[in-house]
1. Can you name the condition, by its number, that residue 151 falls short on among (1) modelled with pLDDT of 95 or more; (2) buried (at least 16 other Cβ atoms within 10 Å of the Cβ); (3) under 25 Å from residue 212 (Cα atoms)?
2. Of all residues being closer than 16 Å to residue 209 by Cβ and outside any strand (DSSP E or B) in segment 85-126, which is nearest to the chain's Cα centre (by Cα)? Just the residue, please.
3. Might you let me know whether segment 37-50 holds any residue that is surrounded by fewer than 18 Cβ atoms within 10 Å (Cβ to Cβ) and in contact (Cβ under 8 Å) with a residue 60 or more places away in the chain?
4. Could you please let me know if residue 25 is within 24 Å of residue 200 (Cα to Cα), crowded, with 24+ Cβ neighbours inside 10 Å and not assigned by TED's automatic domain parsing to the domain that holds residue 127?
5. Residues 167, 140, 110: which one is surrounded by fewer than 20 Cβ atoms within 10 Å (Cβ to Cβ), over 29 Å from residue 207 (Cβ atoms) and in contact (Cβ under 8 Å) with a residue 12 or more places away in the chain?
6. Modelled with pLDDT of 95 or more and over 16 Å from residue 192 (Cβ atoms): does that describe residue 50?
């Protein structure tokens, strides 16, 4: 029996779950359109453990969404996960944010493209076919020819907050847009247990989020 705590803070959805052998047994998440991770995350960790009737000491591992996504959100989630792993001497597992997002819909016999909104007409995306990765995570500028090699062959399911900016540009009848889906700790449960069984873990001391792009600060005009 393996209890794994899953933490997802890469987007506006602050999400935490406890899974037993890959099945979610407690889930707490909140998405108000803003970033409330700093105030919600540790409260949610406590609540999912209480709902699962377990102590932190009973965890087998901690899994965290590794990105891409919000710089601040990722830092909060990874810092919390690493702190728990250090304190409890637990292995750390990282899950690609876009893989978890793709798993919010049934991927079998489908081409699924999870999209996270970036700046202007840019998105972070990956491409999955029948549940397998066919294009790794990248940043793309969306235009009328984006993903045409997939859209010409079959229906393509776009999921995530980046899909909204594609609706007015991608006119193919094969483009299907799934609304109101965000990366969630619920979909991390199966993925983290699979990695746990393979002992596919991170070095807690040196692990860093996958930002995809360098973080750029701006100087205040005031």
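1. (3)
2. 97
3. Looking only at segment 37-50, we keep the residues that are surrounded by fewer than 18 Cβ atoms within 10 Å (Cβ to Cβ), and these are 38-39, 42-43, 46-47, 50.
Subsequent filtering for residues that are in contact (Cβ under 8 Å) with a residue 60 or more places away in the chain retains none.
No, because not a single residue in segment 37-50 is surrounded by fewer than 18 Cβ atoms within 10 Å (Cβ to Cβ) and in contact (Cβ under 8 Å) with a residue 60 or more places away in the chain.
4. Working: within 24 Å of residue 200 (Cα to Cα): yes; crowded, with 24+ Cβ neighbours inside 10 Å: no; not assigned by TED's automatic domain parsing to the domain that holds residue 127: yes.
Judged against the criteria, residue 25 is not a match.
5. Working: 167 fails: in contact (Cβ under 8 Å) with a residue 12 or more places away in the chain; 140 fails: over 29 Å from residue 207 (Cβ atoms).
So the residue among 167, 140, 110 that is surrounded by fewer than 20 Cβ atoms within 10 Å (Cβ to Cβ), over 29 Å from residue 207 (Cβ atoms) and in contact (Cβ under 8 Å) with a residue 12 or more places away in the chain is 110.
6. Working: modelled with pLDDT of 95 or more: yes; over 16 Å from residue 192 (Cβ atoms): yes.
Yes; evaluated as a whole, the condition is true for this residue.
The values are calculated or read from the model by the stated rules, or taken from the named source; none is laboratory data. Source: prediction; values computed, not measured. Using ideal geometry, Cβ is built from the backbone for each residue, glycine included, and neighbour counts are taken over all protein chains shown.
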